[in-house]
Amino acid sequence: MRTSNIVTRQFDRLPEQSVLILLENMIWPILAVISLLVLAFVPRVFTNTATLQLMLFAAVPLGLIVLAESVCLLSGHFDLSVGAIAGFSAVLTAMILAEWSLVSNPILGVVIVVAVGCVIGATNGIMIATFGVNPFLQTLAFFVIFGGGKLALTTQPISGLPDGYTALGSSPIVAIGVLLASFVFMAVIFRYTHFGQAVYAVGSDKEAARAVGINTERTIILVYTLSGFFCALAGLMLTGYTGLVSPDIADDMVFSAFAAAIIGGISLFGGRGKLLGALGGVLLLSLIETSLNVAGFDPTLIEVVNGIVLLIAILLYNTKANIRDRVLSAGAST
Amino acid sequence: MSSEPPDTTDGRDPAHEPTGKIAVENVQKVFGRIVALENVTLSIRENEILALVGDNGAGKSTLMNVLSGVHEPTSGEIYLDGESVEFDSPESARNRGIETVYQDLALMDDLDVATNIFMGNFPATEIGPFRSIDWDETYERAEAIIETHLKRDIDPHAEVAFHSGGERQLVAIARALAFDPDIVILDEPTSALSVDATALVRETVRNLRDNGKTIIVVSHSLDEIFQLADRVGVLYQGEIVEVASTDSVTKDDLSSLMVSGERS
């Protein structure tokens, strides 16, 4: 009988819960609307398979950086250094492989690039979780240090990398597969493991998470290590995509990463959001950029449009937060 | 290496009983130069609600933390079912069947009720070397706890942020019950709650006792003590100065004991 009461109560709150579910998943209707607009005004984006494949291929590095940022955001932490970690990992490994010729084995190159990303990410995590450094300031410092670090390593593009090293990122099918597999794998981890739920718990309320026995310090360090891993993977994919490593590799990607994550429904304050929503955010940004390119817009204007998308994402986030507060206060008072 | 705690009753009401579910014997807790607890001896009977009261700084929170494993006593003994035990962490107390619901509830508002109840303790299925959270089992068990112990229809799928103050307190209690404890310690369970929510929480606590739990309530509210507790222990300047049935003391007695350590 009580079960039926619970069901009745669920129905009582159905309108509010529906609004919340819609708010949490707003990326998909937005993506649908933009897709229809693109179909109406720039149909070549969808009708030309090569364009569509190129769009997804080009989205792979950004997608991995969005994944890195989203993992941090879900735990209630910022990471401003995602682009710098991706760039530095790629440049350092390229120097080791091509300029300094310290290593020639491409598999070892992949191991090195991933290890560099993980070590930098773990250092972020240790500074934040163990030494209590503010995440914004810590990752800002690393943004500057490693952004400048890659320029200190080289001011010229690095070419002559082993084919095996660039193979992962140079094949569109493989690269897109890596992106999708990364998102699906992490979505499963976040949904079905204690660690994944601990990340949500830390993001929602760190003190409460600690009180229920979660090792918050270890969780945060692991989150930043994972973030570093996906940044390095993005660096590897960028290297494969272009076939060389330029000194400005992955510059400014952090802003697009924030835009995609936020518009994809990831909370800026942690504890809320789905990784697959962030993937929707990546698809949206890529679709807009590709459509503007195909429509013949000036590339410099595309940067402006990216900024406008970020602004719209923030405005949508604020609106969503306000509606959510109103819905919740109405629900809590019943 | 268990030993039976000695009887130190004063004749008015047993401050210590060897048959108690949980007991402390001559417990002292010192923080630096501050003596928070001094020779505290107290026994809580199985299946009763005992209220711990005292003025600010009297030592009730420290005693609660000693019982819940947050603080190790500087000296003295803790007995569980007559057996001497040591708690060096909340986990060690939890492993012996003691759960604590803190005043701030430690709830994660963004997560749903069932996730809050089982956070860190999810039912899981083994897939090879991996453990995967069993969400069907999680929601079923959350619903079972809610149906068995809580006198309120709470949807395990709804976010905690959706709920009123009283319901949030119940969710925190449900989380303690997920570990199937014998003893539940409640820290100021009705502070800052409305009249209706207070009544709801008190009804739930009585229901827990009726379902076989031993309850320790830390409170500063005399109303709460008389409406909820079977017995009351009064702390004054780190010492237990009275343990009595709530039928045998008045509010004036308790007020006087809390302020001066003596009955009026």
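Near B:T100, the amide H atoms lying under 5 Å from its own belong to B:I185; only residues 5 or more places off or on other chains count, and H is placed 1.01 Å from N. In straight-distance terms, cross-link reach from B:K251 covers every one of the lysines whose alpha-carbon lies under 28 Å from its own, apart from those fewer than eight places away in the same chain; here that gives B:K21, B:K60, B:K213. Rounded to the nearest 20, the size of the Cβ-charge dipole of the range A:17-333 about its Cα centre is 740 debye, with Lys and Arg at +1 and Asp and Glu at -1.
When a 1.4 Å probe is rolled over the protein heavy atoms, the share of accessible surface on the range A:17-333 that falls to carbon and sulfur comes to 70 percent. Across A:V19, A:V116, A:V202, mean-square fluctuation computed from a Gaussian network of chain A (C-alpha pairs under 10 Å connected) peaks at A:V19. Here the label points at B:N207 and B:D136, each 7 Å from Cα along the C-beta direction, are separated by 2.7 nm in the simple model.
Compared with the dominant Cα axis of chain A, that is its longest principal axis, helix A:253-263 is turned about 20°. With a simple spin-label model that places each label point 7 Å from the Cα along the Cα-to-Cβ direction, the separation between B:K251 and A:R191 comes to 5.5 nm. What does the average come to when, for each residue of peptide B:132-139, you count the partner chain Cβ atoms lying within 10 Å of its Cβ? The shielding value for this peptide is 2.
Could you run the numbers on buried accessible area between B and A, total for both chains, 1.4 angstrom probe, in Å² to the nearest 100?
The buried area between B and A, both sides summed, comes to about 2900 Å².
Extension gain for B:Q103-B:D196 works out to 31.7 nm (0.36 nm per residue, less the C-alpha to C-alpha distance). Have a look at A:T225, A:T47, A:T242 and tell me which one the Gaussian network model of chain A (Cα, springs below 10 Å) gives the largest fluctuation. Of A:T225, A:T47, A:T242, the Gaussian network model singles out A:T47 as fluctuating most. Couplings 3J(HN,Hα) for the range A:194-208, derived from phi with the Karplus relation 6.51 cos²θ - 1.76 cosθ + 1.60 (θ = phi - 60°), are 4, 4, x, 5, 5, 4, 4, 5, 4, x, 6, 6, 4, 5, 5 Hz, where x marks Gly and Pro. Using the rule -39500 (n - 2.57) for each DSSP H run of four or more residues, divided by the residues of the protein assembly as shown, the 222 nm mean residue ellipticity is -18500 deg cm²/dmol.
Amide H to amide H distances under 5 Å link B:E242 with B:V234, where only residues 5 or more positions off or on other chains count and H is placed in the peptide plane.
Among A:A260, A:T239, A:I112, whose Cα sits farthest toward the positive end of the charge dipole of the range A:17-333 (+1 at Cβ of Lys/Arg, -1 at Cβ of Asp/Glu, about the Cα centre)? Checking the options against the dipole of the range A:17-333, the answer is A:A260. Per residue, the protein assembly as shown exposes 42 Å² of accessible surface when a 1.4 Å probe is rolled over the protein heavy atoms with every protein chain present. Packing, taken as the mean count of other beta carbons within 10 Å per residue, orders the peptides B:105-118, A:76-89, B:60-73 from highest to lowest as A:76-89, B:105-118, B:60-73. Scanning chain B for DSSP H helices at least 15 Å long along the axis (C-alpha atoms) with a Kyte-Doolittle mean no lower than -0.5 picks out B:165-177, B:195-210. Comparing B:G97, B:G128, B:G233, which has the greatest mean-square fluctuation in the GNM of chain B with Cα pairs linked when under 10 Å apart? Top of the fluctuation ranking is B:G128. Net charge in the neighbourhood of A:L292 (other residues with Cβ under 12 Å of its Cβ; Lys, Arg +1, Asp, Glu -1) is -3. Each of A:E303 and B:V259 was given a label point 7 Å from its Cα along the Cα-to-Cβ line. The distance between the two points is 7.4 nm. Between the helical axis of A:299-332 and the longest alpha-carbon principal axis of chain A there is an angle of about 20 degrees. Pairs of Cα atoms in the range A:17-333 fall into 10 Å distance bins, from 0 up to the last occupied one, in shares of 6, 27, 34, 23, 8, 1, 0 percent. Cross-link partners for A:K320 among the lysines, with Cα-Cα distance under 16 Å and sequence neighbours closer than 8 places in the same chain left out: A:K274. Place a label point 7 angstrom from the Cα of B:T148 along the Cα-to-Cβ direction, then list the residues of the range B:88-108 whose backbone nitrogen is under 20 Å away. Zone members listed by number: B:94-101. The angle separating the long axis of helix A:27-41 from the principal Cα axis of greatest extent in chain A is about 60 degrees.
The values are calculated or read from the model by the stated rules, or taken from the named source; none is laboratory data. In this text the structure is predicted, and so the values were computed from the model without any measurement. All Cβ positions, glycine included, derive from the backbone under ideal geometry; neighbour counts span all protein chains shown. Please note that ligands, DNA and RNA were not included when accessible areas were found on the heavy atoms of the full protein model with its side chains. Shrake-Rupley method; radii C 1.70, N 1.55, O 1.52, S 1.80 Å.
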